[in-house]
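Quick notes on the structure that follows.
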Amino acid sequence: MIDIHTHLLPEFDDGPKDLDETRKMLALAEKDGTTEVVLTSHILNPSDHEREDEILEKFELVKQVIRKDGRSLEIYLGGEIYVHPETKLDRVFSTFNNNKKYALVEFGMRQIPEFVPKILFDWLMEGYKPIIAHPERVLPIMKNPSYAYKFVQMGAALQLNAGSLLGVFGDSAKKCAHELIEHKLVHFIASDGHDTNSRSISLRKVYQSMVIKYGEPLVKTLMEDNPKRAIRGEELIREEPIPFEEDEVRPTRWKALKRKLRFLREP
Ligand SMILES: [Fe+2]
C-alpha cells in the first residue's frame, strides 16, 4: 500500500510531537504493509509557505531515522496545502516529490469559499493536478455530494480518509465516503495519519474491509496504483463518474453551486 496523506514531520503541525513519535509511526506503517509514504504536513497559512528550509531539514531527519532503523519504506515530500486566494504551488513541498503536478489540497470543513473552484480551475489550466483531501468530511459535500462531482468533472481528484470509511469521523462522513466511491468519484484512499493512537497511519484494516465490499481491483487502484502514479507524476486511473440526481429538497444550495461554477461554461 502507498499512503499519499500523512503528517510525519516532527514538531511541525498537529502531527508527531517529536522525532520519536515519528519513528513509532513509521514502524507502524511498515508493519502494516505500507511501502511508500508521502509526507503532507499542513501548510495552512501564507507564512507556512516560507518554512521551506525547516521542512527540508525535518524531512532529512525523517530520512535519517529510516536509514538508521534499517527500514525499507520510501518517503517523498509533499504538503497538505490550504487553499487561499493567493496560494501558489511553487514550493518544493507543494507537489508530490516536487513533480510539479500532483498537489494535495484542502479547504474549510464547514464551507467551500467562492474562490475555491476558481483557484482549482486555474491550477488545472497551469498543468497542476489538485487532489482534494477528505471531501467526505466537508459539510457542504456531505449535504450535497454534487459538489464533489463538479470538482471531479473539472479535473480534480479526490482522496478519502481511511478512517472515514470505517466510521471514525461519524456516520455522515462514512455515508458520504461510500456514496462517493459508488459514484466513481474517488481516486485515492489514504491514512491522514497524525499519531500512533486515534489517528494512526495504518491502512491494512481499511484495505481488507474495502476488498470485501468493493473487490480487490478497485481497492488496489485507490491504495497502490493511483498513489504510485501521483508520486511519479503520471496520469491517474479514472472511471467515468456517475452524476447525482439534482436534490429537489435543497434547490437553493444547488442553485448556489451552479452560480459558483458558472465561469466554467463561459468562454
Ligand atoms: Fe491531513
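A short reminder: the numbers here are calculations on the coordinates, not readings from a lab. Being a predicted model, the structure only gives us computed values, none of them experimental. Positions of Cβ are backbone-derived with ideal geometry, glycine not excepted, and every protein chain shown enters the neighbour counts.
Qualifying trypsin sites (Lys or Arg not before Pro) in the stretch 95-138, where qualification requires a DSSP coil assignment and no more than 15 other C-beta atoms within 10 Å, comprise Arg110. For a straight C-alpha distance cut-off of 12 angstrom, the aspartates and glutamates reachable from Lys17 (same-chain residues fewer than eight places away being disregarded) are Asp195.
The packing ranking, built from the mean of other Cβ atoms within 10 Å per residue, places the peptides 79-85, 121-127 in the order 79-85, 121-127, highest first.
Calculated from DSSP H runs of 4 or more alone, at -39500 (n - 2.57) each and per residue, what is the 222 nm mean residue ellipticity of the chain, nearest 500? Dividing the helical sum by the residues of the chain leaves -11500 deg cm²/dmol. Taking each residue as 0.36 nm, the span from Lys100 to Thr35 lengthens on full extension beyond its C-alpha to C-alpha distance by 21.1 nm.
For the residue pairs Lys68/Lys101; Lys24/Lys68; Lys184/Lys228; Lys143/Lys184; Lys31/Lys63; Lys100/Lys228, the alpha carbons lie more than 21 Å apart in Lys68/Lys101. Which residue, chosen from Phe93, Asn197, His183, occupies the Cα position most advanced towards the positive end of the dipole of the chain, where the dipole is computed from +1 (Lys, Arg) and -1 (Asp, Glu) charges on Cβ about the Cα centre? So the residue furthest toward the plus end is His183. Each label was represented as a point 7 Å from its Cα along the Cα-to-Cβ direction; for Lys143 and Ser72 these points are 4.9 nm apart. When all alpha carbon pairs of the chain are counted in 5 Å bins from zero, the resulting P(r) reads 1, 6, 14, 18, 20, 17, 12, 7, 3, 1, 0, 0 %. Considering the stretch 1-50 at the alpha-carbon level, its Rg and Dmax are found to be 11.8, 36 Å.
Roughly speaking, what is the stretch gain from Asn197 to Leu56, that is 0.36 nm per residue apart minus the C-alpha to C-alpha distance, in nm to one decimal? Let's see the in-between values first.
Details: separation 141, 0.36 × 141 = 50.76 nm, distance 2.62 nm.
Contour length minus the Cα-Cα distance gives 48.1 nm.
Report the calculated FRET efficiency for Val168 and Gln64 (r = Cβ-Cβ distance, R0 = 30 Å), to the nearest 0.05. Numbers along the way, then the final one.
On the way: r = 32 Å, r/R0 = 1.05.
Taking R0 as 30 Å, the efficiency between Val168 and Gln64 is 0.40.
Remark on the stretch 7-118: hydrodynamic radius 14.8 angstrom, per the Kirkwood mean of 1/r across alpha carbon pairs. Using the beta-carbon distance between Asp20 and Ile242 and R0 = 35 Å, what value does 1/(1 + (r/R0)^6) give for FRET efficiency, to the nearest 0.05? Taking R0 as 35 Å, the efficiency between Asp20 and Ile242 is 0.15.
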